[in-house]
Structures are given as structure tokens and as C-alpha cells.
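Each reported figure results from applying straightforward, stated rules to the coordinates on display, with no laboratory input. On a predicted model such as this, the values are computed, not experimentally measured, just so you know. Quick reminder, even Gly has a Cβ in these numbers, built from the backbone with ideal geometry, and neighbours come from all protein chains shown.
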Number of protein chains: 4
Amino acid sequence: MKVLVNLQVVPIGTEVSVSRYIAACVNELDAAGLHHELHANGTNIEGEWDAVFTAIRHCHEAVHALGAPRIQTFISVGTRIDCDQSLQDKVTSVARRQS
Amino acid sequence: MKVLVNLQVVPIGTEVSVSRYIAACVNELDAAGLHHELHANGTNIEGEWDAVFTAIRHCHEAVHALGAPRIQTFISVGTRIDCDQSLQDKVTSVARRQS
Amino acid sequence: MKVLVNLQVVPIGTEVSVSRYIAACVNELDAAGLHHELHANGTNIEGEWDAVFTAIRHCHEAVHALGAPRIQTFISVGTRIDCDQSLQDKVTSVARRQS
Amino acid sequence: MKVLVNLQVVPIGTEVSVSRYIAACVNELDAAGLHHELHANGTNIEGEWDAVFTAIRHCHEAVHALGAPRIQTFISVGTRIDCDQSLQDKVTSVARRQS
């Protein structure tokens with residue numbers, strides 16, 4: 001099953017700047033060969049369910065390995081069976097309807 | 001890796017009352033033998049990473065099988081390596097600090 | 001406009017145990033006179049849009065005042081115009097459909 | 001209090017394609033004069049707490065006015081008192097740490 005995901009990883013119990021943890025997470029998405037797009041409040045990911053959620057587990061493992069004792073992660077995951085839709089399709093379909 | 005999860009499944013392109021889809025999803029969590037607690041905005045789940053996310057995939061499959069063409073699901077997932085914490089521990093630790 | 005909300009406040013750049021911050025937030029909901037229910041991954045709140053989001057702003061102010069330099073908060077907010085629904089109604093409507 | 005927000009609005013009880021509702025919501029953000037950036041799983045917004053959450057209420061009102069009987073919206077909101085950070089700053093700070 002194909003999924004479109006937004007992933008936002010929040011390390012807890014660390015220093016206030018968390019960008020090095022987020023970078024480690026993004027590296028795991030790269031290592032998994034998943035299409036992903038970083039934005040200001042997370043990373044959009046496109047892929048198969050199992051591949052995506054295994055990669056997100058690897059993100060958690062990498063962020064803990066860097067010293068974060070606790071992580072709270074927010075995932076928005078979309079699936080549909082009526083059509084095949086990419087990350088880019090979603091942006092395009094809204095943009096062409098804006099006034 | 002143990003996870004504490006809040007799962008909120010939102011069927012799209014269906015009738016306005018979605019409770020039968022949510023019930024089908026909760027049945028999948030039961031079938032997976034996972035500890036879970038229904039509340040007004042989702043279901044809290046406690047278990048191992050792979051078991052929990054496989055069960056959530058089964059939820060999506062069950063909700064699609066009931067006729068929902070599209071699903072948007074919101075997952076909050078917490079992991080920690082400094083201690084072992086249950087769903088109940090989280091409620092208790094806040095409650096004992098309230099004024 | 002009436003809203004049903006799940007609120008999950010995550011302090012960043014603090015100690016790993018965040019229950020005292022969450023308790024301060026819940027106290028703000030009490031102070032606002034809002035109906036709310038604590039669970040393992042957040043607090044469900046029922047109220048009018050402006051009252052609820054003003055109270056959540058007060059939560060952020062209280063958590064910062066306790067020393068948290070940064071907060072990431074996750075809010076799921078539901079509105080509907082086809083019927084009036086309470087937090088309890090949502091649980092009941094799923095529970096009566098479970099096998 | 002300045003906020004950085006990700007907003008994902010999900011109409012329920014409508015047709016399966018929801019882009020016209022999302023476009024109406026984005027128009028409300030424009031009307032409010034808020035800086036925002038559409039991406040595949042939501043819209044990032046930068047502004048003052050009250051202005052942002054008032055605009056999001058206007059989104060709900062506009063989406064209901066278009067015929068959606070029910071809406072579930074997911075909001076991730078960040079505040080910090082240690083520094084001033086823009087949407088662009090967040091992307092830049094992760095990107096410069098990636099391997």
C-alpha cells in the first residue's frame with residue numbers, strides 16, 4: 001500500500017536546537033532510498049507502507065543514538081484506493097483551484 | 001523498541017458519520033492483541049514498534065475494505081530510552097502534579 | 001463555533017520528564033472553565049473556538065514561564081455543522097459498533 | 001506570541017477530492033495577510049498567535065460554507081522564547097547539517 005506521509009520528529013530532554021537530530025533522521029530517509037521533501041514543519045515522504053515505517057523506526061533509533069533520551073513524533077499518513085497520487089499531485093491540485 | 005501511540009483515523013469521501021470505520025480499526029488492534037484505550041479523539045496504543053505499525057496498516061486495509069476510498073491518519077508516537085513507561089504511567093505522572 | 005480538540009504539548013530543551021509542564025497546561029484549561037479529559041497522549045477539550053484557542057495560548061505562556069524555551073504542540077480540532085456532538089458522544093458511537 | 005504552524009485541514013462527508021476546500025482555506029490565509037507556504041501535507045504559516053488561529057477559524061467557516069458538514073484539522077504549532085525563528089530558518093538549519 002502506497003503512502004504519502006508528513007513526518008515531524010521532536011526530541012525531548014535535549015538542547016533547545018534540534019536540527020542535528022532532524023538531519024540524522026533525514027539521512028535515514030536517504031539511506032532507505034525514499035523520495036522525501038524537507039519543509040519548515042517536517043518532511044514529506046512518498047513510498048510503500050512498510051518501507052516508510054521501517055525508515056521512521058530507523059530515524060528514532062538514530063536520534064536516540066545521538067543522545068536524545070525521548071522522542072515524540074507526529075505522523076500524518078494518507079492512503080487512497082481511488083487513484084494514484086504523488087506528493088507533487090497534491091500541491092498541483094490545490095494550486096490550480098486557488099483564486 | 002516500545003512505543004506509546006495515539007492513533008486518529010479519518011476516512012475521506014464517505015458518509016459524515018465515520019464510527020463504523022473507527023470500530024473496524026479498533027477490531028484490528030484487538031486482533032493484534034495490542035493494549036489500547038479508546039478516547040474521544042483517537043485510540044492510545046502500547047506495544048512494540050513493528051507490531052503497532054503493522055496493526056495500523058491492517059486498520060487502513062480494513063477501512064478501505066469497508067468502502068472508504070481515502071484515509072488521512074494522524075499518529076503521535078513516543079519512544080524513550082531513559083525508562084520504561086506505560087500509558088497509565090503518563091496519566092499518573094501528570095495527575096499527581098496538578099494543583 | 002463549537003470544537004472538540006485533542007491537545008498534546010511537547011516542551012523542548014528541558015529535562016526529560018515533562019509532567020510538571022503538562023500539569024501547568026491542564027491548570028490553564030481548568031482556569032478557563034473548559035470541559036477537558038486527560039489521557040495518555042494529550043487532553044481532550046470541548047468548547048467554543050475562541051475560548052479553547054485562547055486557553056491553549058495561555059498553556060504556552062505558562063509552560064514558557066516555567067522555563068521551557070521552546071514548545072511544539074499538536075492539536076487535532078474537529079468541527080461539524082450537521083449535528084451537535086460531545087466528547088462522550090464520540091466514544092459512545094464507536095463503542096456501540098464494535099464487534 | 002509568534003507561532004510557526006503547520007495546518008492540515010481534512011473535510012469529512014464530502015466527495016473524495018478535497019482540493020477545492022483546501023484552496024478556500026488557503027484563500028483565507030491570503031485574506032488575513034499571513035505568510036504561508038503550501039506543501040503536499042499542509043500549509044506552513046508564520047504569524048502572531050491570535051491572527052493565525054483566527055484565520056484558521058475562518059478556514060473552517062469557509063470550508064463548511066462550501067458544503068463540508070464536518071472537518072478534522074491537524075495543527076502543529078511551535079513557539080520559542082530563546083530566539084526568533086522563521087519558517088525559512090528551520091529548513092536552513094537542518095539542511096546545513098545534512099551529510
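Data for the structure
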| item | result |
| --- | --- |
| Enumeration of residues in the range C:80-99 that are under 19 Å from C:Gly42 (Cβ atoms), more than 7 Å from chain B (Cβ to nearest Cβ) and surrounded by 17 or more Cβ atoms within 10 Å (Cβ to Cβ) | C:Gln85 |
| The range C:54-79 - residue that is of a type in the set (Ser, Thr, Tyr) and either out of contact with any helix residue (DSSP H, G or I) (no Cβ under 9 Å at 6 or more places or on another chain) or facing chain D (nearest Cβ under 7 Å) (or both) and, of those, farthest from D:Asn44 (Cα to Cα) | C:Thr79 |
| Residues located in the range D:44-73, provided they are β-branched (Val, Ile, Thr) and under 15 Å from D:Val91 (Cβ atoms) | D:Ile45 |
| Among (1) farther than 30 Å from B:Cys83 by Cβ; (2) surrounded by fewer than 16 Cβ atoms within 10 Å (Cβ to Cβ), the one test that A:Gly67 misses | (1) |
| Close pairs from the range C:56-76: first at positive phi, partner crowded, with 19+ Cβ neighbours inside 10 Å and among the aromatic types (Phe, Trp, Tyr), Cβ under 9 Å, at least 6 apart | C:Gly67/C:Tyr21 |
| Qualifying residues in the range B:42-53 (those that are facing another protein chain (nearest Cβ under 8 Å) and out of contact with any helix residue (DSSP H, G or I) (no Cβ under 6 Å at 6 or more places or on another chain)) - the one surrounded by the most Cβ atoms within 10 Å (Cβ to Cβ) | B:Gly42 |
| Residue within the range A:4-12 that is away from chain C (no Cβ under 14 Å), closer than 30 Å to C:Val18 by Cβ and β-branched (Val, Ile, Thr) present | yes |
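Residue by residue, here is whether (1) of a type outside the set (Val, Ile, Thr); (2) crowded, with 22+ Cβ neighbours inside 10 Å; (3) more than 8 Å from every other protein chain (Cβ to nearest Cβ) holds:
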{"position": "B:Glu15", "(1), (2), (3)": "yes, no, no"}
{"position": "B:Arg20", "(1), (2), (3)": "yes, no, no"}
{"position": "B:Ala32", "(1), (2), (3)": "yes, no, yes"}
{"position": "B:Glu37", "(1), (2), (3)": "yes, no, no"}
{"position": "B:Ala40", "(1), (2), (3)": "yes, yes, no"}
